[in-house]
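Q: Please see the structure below; I have some questions.
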Amino acid sequence: MSGDAAVEVRDLTKRYRGTAAVDGVSLTVRPGEVYGFLGPNGAGKTTTLRMLLGLVRPTSGRIAVLGCAPGAPEALARTGSMIEGPAFYPFLSGRQNLRVVARYAAAPASRIDHALRAVDLADRGDDGFSTYSLGMKQRLGVAAALLKEPDLVVLDEPTNGLDPAGMRDMRALIRRLGDDGCTVILSSHMLADVQQVCDRVGVIDAGRIVADSSVEDLRGDGELVIRAAPADVVRSTLEGLPFVQAVRSLGDGHGVRVDETRTGDVTRALVLAGADVREVRRVDRQLEDVFLELTTGAGSDA
Ligand SMILES: Nc1ncnc2c1ncn2[C@@H]1O[C@H](COP(=O)(O)OP(=O)(O)OP(=O)(O)O)[C@@H](O)[C@H]1O
């Protein structure tokens, strides 16, 4: 373990009754980055996050959180978390709920106003929790995670169940935390959200990491969409080009994985082969496309 990482996980495995929920996971989260943990339902996201917090004991493997063993008091003192939705007293106000959490977490009560401001709940802090919208409840959960002035925040599905405005607010909040130098790990089903808010992502499928890279690298160079005829000439020409990585058939054309600088070469080759080129257009790959390619797509969230 290098010791420079905010979180370092090596060969982490968790078995339940012989079945691996998490199977040899290795990943590194660097200080100050917003790291997205993506995967279909049941892929092992929550189990991994719970192991990082010392809530679940690994079957095997190594974890360092802020240089400490998971669950070590030094690590927990600098880590805020929201796992599987926030739990608050409905009959107390937001502020009173945070007071309860602060006392329990040995965090200074002076942090409460700061935490409420950070999640845009300062002017609703004295209203009853039961009167909050789902988005406000989720944001209060993040406020609770911020009470300790943490270096690391772990959020399990922070946008779960939120409407578009709630998601936008949560995204902005997470990005602000990252910009303020806090390391954030979040799990999500919301691929578009992760694409907008995360610096790097790990994709987990059936307990195994299938990708761990920057969002940009994962999305790659995008695809060149070509409409040209006849189809057999187009396909054989494209497949014969050494710089073309992959050719796939679309309804009325072909999609080609190729570096953007080769767009002219591809078009020229098709014209020289006698193809009638009607359209050549570059399409960015969305994280969702990559996710579906990488995972089995078995989860309903996929
Ligand atoms: N306490 C447990 N006992 C037995 N099996 C468990 C336990 N906790 C999790 N599992 C199993 O481990 C696998 C991974 O579950 P986990 O909750 O980590 O997935 P997830 O990626 O967070 O899924 P979701 O997106 O649905 O929350 C699942 O097959 C789940 O049934």
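The values are calculated or read from the model by the stated rules, or taken from the named source; none is laboratory data. No experiment lies behind these values; they were computed from the predicted model shown. With ideal geometry, Cβ positions are generated from the backbone for all residues, glycine too; neighbour counts draw on all protein chains shown.
Q: Kindly indicate whether any position in region 57-66 is surrounded by 19 or more Cβ atoms within 10 Å (Cβ to Cβ), assigned to a strand (DSSP E or B) and either within 16 Å of the ligand (Cβ to nearest atom) or of a type in the set (V, I, T) (or both). Spell out how you get there, then give the answer.
A: Taking region 57-66 as the starting set, the residues that turn out to be surrounded by 19 or more Cβ atoms within 10 Å (Cβ to Cβ) are 58, 63-66.
With assigned to a strand (DSSP E or B) added as a condition, the list becomes 63-65.
With either within 16 Å of the ligand (Cβ to nearest atom) or of a type in the set (V, I, T) (or both) added as a condition, the list becomes 63, 65.
Within region 57-66, one or more residues are surrounded by 19 or more Cβ atoms within 10 Å (Cβ to Cβ), assigned to a strand (DSSP E or B) and either within 16 Å of the ligand (Cβ to nearest atom) or of a type in the set (V, I, T) (or both).
Q: Moving on. Going by the structure shown, is S213 more than 16 Å from the ligand (Cβ to nearest atom), among the polar types (S, T, N, Q) and part of a strand (DSSP E or B)? Working first, answer last.
A: On the way: more than 16 Å from the ligand (Cβ to nearest atom): yes; among the polar types (S, T, N, Q): yes; part of a strand (DSSP E or B): yes.
When the stated conditions are applied, S213 passes them.
Q: Name the helices (runs of 4 or more DSSP H) wholly within region 98-198 that hold at least 2 residues that are away from the ligand (no atom under 16 Å from the Cβ) and exposed (fewer than 15 other Cβ atoms within 10 Å of the Cβ)?
A: In region 98-198, 111-118, 164-179 are the helices (runs of 4 or more DSSP H) which contain 2 or more residues that are away from the ligand (no atom under 16 Å from the Cβ) and exposed (fewer than 15 other Cβ atoms within 10 Å of the Cβ).
Q: Let me spell it out: the conditions are (1) within 14 Å of the ligand (Cβ to nearest atom); (2) of a type outside the set (D, E, K, R); (3) under 20 Å from the mean Cα position of the chain (by Cα); (4) surrounded by fewer than 21 Cβ atoms within 10 Å (Cβ to Cβ), and G36 meets all of them except one. Which number is the exception?
A: Going through the list (1) within 14 Å of the ligand (Cβ to nearest atom); (2) of a type outside the set (D, E, K, R); (3) under 20 Å from the mean Cα position of the chain (by Cα); (4) surrounded by fewer than 21 Cβ atoms within 10 Å (Cβ to Cβ), G36 breaks only (4).
Q: If you go through region 251-258 one residue at a time, do you hit one that is touching a Lys or Arg at 6+ places or on another chain (Cβ under 7 Å) and in a loop (DSSP other than H, G, I, E, B)?
A: Yes, region 251-258 has at least one match.
Q: Kindly indicate which of E293, E279 is acidic (D, E) and modelled with pLDDT under 85. Explain how you work it out, then say what you get.
A: Details: E279 fails: modelled with pLDDT under 85.
Matching residue, one of E293, E279: E293.
Q: From the list L238, L224, pick out the single residue that is surrounded by 15 or more Cβ atoms within 10 Å (Cβ to Cβ), over 30 Å from the mean Cα position of the chain (by Cα) and among the hydrophobic types (A, V, I, L, M, F, W, C).
A: L238
Q: Separate question: For the structure I just gave you, tell me whether T13 is within 16 Å of the ligand (Cβ to nearest atom), part of a strand (DSSP E or B), over 29 Å from R103 (Cβ atoms) and modelled with pLDDT of 95 or more.
A: For T13, the condition - within 16 Å of the ligand (Cβ to nearest atom), part of a strand (DSSP E or B), over 29 Å from R103 (Cβ atoms) and modelled with pLDDT of 95 or more - is met.
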